[in-house]
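Participant: Handing you a structure now.
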Amino acid sequence: GNTTSEEKYTLPDGTSVKVGQERFECTEAYFGPELVGMECRGLSDFVFDLVQECDIMSRRQYYEHVILSGGSSMFPGMPNRLEKDLKD
């Protein structure tokens, strides 16, 4: 693996662990739940479908004002990824 992307973390019990590519792969489940065996829409699809159900005159405003909150929204690149997917 690529050691430059590895990070070392110390757990509360003192055990050290190194994580690399997993740091990026775990967030992919939000966008592709099938990667972890779930049969549901991903975050981008969910937001898109929800906005599409709204009045056509309001959609642009909703797309321009998407707000992410909660611990998972703090993953590096999460807002950029959602924005990119919604634009595509």
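Participant: At a 1.4 Å probe, what is the % contribution of carbon and sulfur to the accessible area of the chain? Before the final figure, lay out each step's value.
Facilitator: Details: 3820 of 7090 Å².
Carbon and sulfur atoms account for 54 percent of the accessible area of the chain.
Participant: If you compute log10 I(q)/I(0) by the Debye sum over Cα atoms at q = 0.17 Å⁻¹ for the structure shown, which of (i) -0.74; (ii) -0.85; (iii) -0.56 do you land on?
Facilitator: Of the listed options (i) -0.74; (ii) -0.85; (iii) -0.56, (ii) comes from this structure.
Participant: Distance between the C-alpha centers of the stretch 14-34 and the stretch 64-78? Whole Å please.
Facilitator: Result: 17 Å between the Cα centres.
Participant: With a Förster radius of 41 Å, plug the Cβ-Cβ distance of ASP13 and ARG59 into 1/(1 + (r/R0)^6) and report the FRET value to the nearest 0.05. Don't skip to the answer; put the middle values down first.
Facilitator: Working: r = 49 Å, r/R0 = 1.20.
According to the calculation, E is roughly 0.25.
The values are calculated or read from the model by the stated rules, or taken from the named source; none is laboratory data. These numbers were taken from a predicted model, which means no experiment stands behind them. Every residue, glycine as well, gets a Cβ built from its backbone with ideal geometry; the counts of neighbours run over all protein chains shown. All accessible areas refer to the heavy atoms of the entire protein, side chains included, with ligands and DNA or RNA removed. Shrake-Rupley method; radii C 1.70, N 1.55, O 1.52, S 1.80 Å.
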